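Single-structure report; data block below.
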Amino acid sequence: MTPPCPLHTLPVGRCGTILSIDAPAELAARMRALGLQPGRRIKVIRRSPFQGPIQVRAGQTDLMIRRAEAAIIQMQPCPEVECV
Amino acid sequence: MSKRIALVGMPNTGKSTLFNRLTGAGAKVGNWPGLTVELLSAKLLLGDGMVELVDLPGLHNLHGFSEDERVARRFVETQPLNGILVVLNTTQLERQLALVLQMKSLGLPMFLALNMADEAKHRGIRVRTEHLEAQLGMPVRLISAKHGQGVPELKQALTAWLREHPQTTHASAIALTEDDVIEDTLNDILSDSLHIPICLSPTRTDRVDQWLLHPWLGIPLFLLIMLAVFQVVYGIGAPLQEGLGWLLDEVKTLWLAPLVAGLPAWASSFLLEGLYDGVGTVMSFLPIIVAFFLAMAVVEDSGYLARAAFLMDALMARLGLDGRAFVMQLMGFGCNVPAMMGTRVMRGRAQRIAAMMMIPFSLCSARLQVFLFFTTAVFSPRAAPWVLFSLYVMSFLLAFLTAWLMRGRTRHALDPLLMELPPYRIPTLAALARQAFRESGHFLSQAGGFIILGVALVWFLTHVPLDVPPASPATLAGQIAAWIEPVFTPLGIDQLLSIALLFGFVAKEVVIGALAVIYGAGGDELSGLLAQRLDWIQAYSFMLFTLIYTPCLSTLATLRSESGSDRVMWASLAWSLGAAWLLSFAFYQTARALFG
Ligand SMILES: Nc1nc2c(ncn2[C@@H]2O[C@H](COP(=O)(O)OP(=O)(O)OP(=O)(O)O)[C@@H](O)[C@H]2O)c(=O)[nH]1
Ligand SMILES: [Mg+2]
């Protein structure tokens, strides 16, 4: 199994399950409202150049998230074959 | 006793669309989370009684802290209501249903409308509404607010529901249910009522985004799209404007001139060269303005604005802001006032102030009128679009410069940016027609209101005393112009133009009307006069000054009320006036030295 890694290092096209989110309560609540919470499986769709934001897909919702915020989300990457 | 229902839901779920559909009102709709930032209410007939429906800004949860979320939360917590109509996006039910469970702790009667049924069906998502009803203990209806499916049934169900809750109640003090408890309940409910196909094929949105959000092509495509939009607006609007201008001229010479021939000279001058030329010249912009706002509506409703935020975020982050500030700059192209209010979605105060200080430089449609008039009058048809484009570039550069100057306050505490990228959507023709209608109405009421007033005042200043030539140094206007001349001469702006600028301070819509009165000519005649009197350097200097020196009084008033600080307003005003003078000065003197 691949070792856990923060979301911003997950390659494009890869999916993974959120292990933990190390955010203050307000931010964590907002993340949850947008579909980011431990246990959820999300997929990295694209990253923008120049250290710009990342597009991730959580269920039926596409989100943009900055690298700084992605860095506080710990992921368990799925085995590559499972990524759809 | 009047009844009242509030529309609540996450951002971009279609609350305003449903509000418009139910009440026939004209709330602004757009595929951008956080478009509505203020309360809006309208009445509708349900059964045999009138009911007040209130459209609220979207909220993510009941802990929300941005200004727009606070507006919504304060309303549901403090106002007596018959109930809450929750609007959710059916395709995203799995995350949005949590809001319903949270809201149950408010103790108000609730009704759930699952919107965007059309998109859900398209994606193969099925909801068993009877199950949801039983488990949530509230009526649930599947609708499509945009296309109207299920709305008549919704109205019937709402009528019955209101009959059960005839009294208004206050929300009980919030005892927020633990989020974990909600999570468990949620999973139970969803496993019974929601079916999502496992394998989702790439959508149309995915395919379009491959191009529009391409790492290297994204920004060039953005610029191309902008150019294309302006070409279309220009291509449709300019001939129509010319036609309308010609028509107004014909009416003047054929009908109006003979009509007022019997009046004293000053009265016919006031009516023809004052009111008619002034207001008429402004009015001839109606087609272009409508075309422009239609194009804006298509862009806003397409979902591309969220992509623009994504593309520009890296740059904006270096300026201490985020992609949303850039989008507000784009929205300001229509009018600066709603763009200024749109910054409510930002949480950090320093960032919000910085974003609000940028917006006055956004080239709004009122300034666009002035520039269209000047560029077509003074520049060749080949050069005109590029001159106009350069003014948009200047507008962005100044906005970026403003953010850069303020970055010391904003950059150390960047607000986390989390935003939905909604799927692309195509606006319906009916929605576009409504938008066109609303913008024309707005434009006409302005033309009929303060533009008439402004034009009349300009006529008065340029014609009193009556026994001297109009707009000559002996008139009131001439005296004022002589007084401010030292400020404007170094910019190549002559006395007559400076009078128009004085009025433009109140609102840019008056500038062209004022010029028509000052020069005593409307439409084509005025263009000809301007081309004779001004060379391109003077004209560009005038346009630069007009772009920068402050949008209008209402934008300043909005800046003051939204920031809650007089200092911010004065700082913005001083910065705009100073920058306008310095840049026009630098441009005029350099260009004169280089090109003579
Ligand atoms: N396909 C589809 N699109 C819809 C439907 N209802 C609304 N929309 C679109 O969804 C987008 C958001 O609609 P709004 O009415 O502005 O949403 P809102 O809930 O008021 O959004 P905020 O004011 O930002 O909270 C717009 O592009 C609408 O055209 C629907 O039933 N089906
Ligand atoms: Mg809305």
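Go through segment A:46-58 and report how many residues are among the hydrophobic types (A, V, I, L, M, F, W, C) and more than 8 Å from chain B (Cβ to nearest Cβ). Count: 2. Quick one: is residue B:582 farther than 20 Å from residue B:375 by Cα and surrounded by fewer than 19 Cβ atoms within 10 Å (Cβ to Cβ)? It is true that residue B:582 is farther than 20 Å from residue B:375 by Cα and surrounded by fewer than 19 Cβ atoms within 10 Å (Cβ to Cβ). Would a scan of segment B:13-24 turn up a residue that is under 28 Å from residue B:120 (Cα atoms), in contact with an Asp or Glu (Cβ under 8 Å, 6 or more places away or on another chain) and not basic (Lys, Arg)? Yes, there is a match, as at least one residue in segment B:13-24 is under 28 Å from residue B:120 (Cα atoms), in contact with an Asp or Glu (Cβ under 8 Å, 6 or more places away or on another chain) and not basic (Lys, Arg).
Exactly one residue out of B:132, B:88, B:93, B:97 is crowded, with 22+ Cβ neighbours inside 10 Å and in a strand (DSSP E or B), and it is B:88.
Does segment B:413-420 contain at least one residue that is under 21 Å from the mean Cα position of the chain (by Cα), within 14 Å of chain A (Cβ to nearest Cβ) and under 29 Å from residue B:357 (Cα atoms)? Yes, there is a match, as at least one residue in segment B:413-420 is under 21 Å from the mean Cα position of the chain (by Cα), within 14 Å of chain A (Cβ to nearest Cβ) and under 29 Å from residue B:357 (Cα atoms). Selection over segment B:72-98 of residues that are within 8 Å of chain A (Cβ to nearest Cβ) and farther than 19 Å from residue B:182 by Cβ gives a count of 1. Is there a residue being at pLDDT 90 or above, under 30 Å from residue A:50 (Cβ atoms) and away from chain A (no Cβ under 14 Å) anywhere in segment B:200-214? No, segment B:200-214 contains no residue that is at pLDDT 90 or above, under 30 Å from residue A:50 (Cβ atoms) and away from chain A (no Cβ under 14 Å).
With a requirement of 3 or more residues that are in contact (Cβ under 8 Å) with a residue 60 or more places away in the chain and within 15 Å of ligand 1 (Cβ to nearest atom), the strands (runs of 3 or more DSSP E) lying completely within segment B:1-69 that satisfy it span B:3-8. Identification of helices (runs of 4 or more DSSP H) wholly contained in segment B:513-596 with 1 or more residues that are within 24 Å of residue B:284 (Cβ to Cβ) yields B:523-533, B:536-548, B:553-563.
Please determine, by comparing only the residues of segment B:46-70 that are within 14 Å of chain A (Cβ to nearest Cβ) and surrounded by fewer than 16 Cβ atoms within 10 Å (Cβ to Cβ), which one is farthest from ligand 2 (Cβ to nearest atom). That would be B:65. Inspect segment B:385-400 for any residue being crowded, with 20+ Cβ neighbours inside 10 Å, more than 16 Å from ligand 2 (Cβ to nearest atom), outside the structural domain of residue B:10 (by TED's automatic domain parsing) and under 18 Å from the mean Cα position of the chain (by Cα) and give the result as yes or no. Within segment B:385-400, one or more residues are crowded, with 20+ Cβ neighbours inside 10 Å, more than 16 Å from ligand 2 (Cβ to nearest atom), outside the structural domain of residue B:10 (by TED's automatic domain parsing) and under 18 Å from the mean Cα position of the chain (by Cα). Of all residues in segment B:1-45, those being of a type outside the set (Gly, Ala, Ser) and more than 9 Å from ligand 2 (Cβ to nearest atom) number 19.
Has segment B:225-246 got at least one residue that is out of contact with any strand residue (DSSP E or B) (no Cβ under 9 Å at 6 or more places or on another chain), buried (at least 19 other Cβ atoms within 10 Å of the Cβ), over 30 Å from residue B:382 (Cβ atoms) and not hydroxyl-bearing (Ser, Thr, Tyr)? There is no residue in segment B:225-246 that is out of contact with any strand residue (DSSP E or B) (no Cβ under 9 Å at 6 or more places or on another chain), buried (at least 19 other Cβ atoms within 10 Å of the Cβ), over 30 Å from residue B:382 (Cβ atoms) and not hydroxyl-bearing (Ser, Thr, Tyr).
The values are calculated or read from the model by the stated rules, or taken from the named source; none is laboratory data. On a predicted model such as this, the values are computed, not experimentally measured, just so you know. Positions of Cβ are generated from backbone atoms using ideal geometry, with glycine treated the same way; all protein chains shown enter the neighbour counts.
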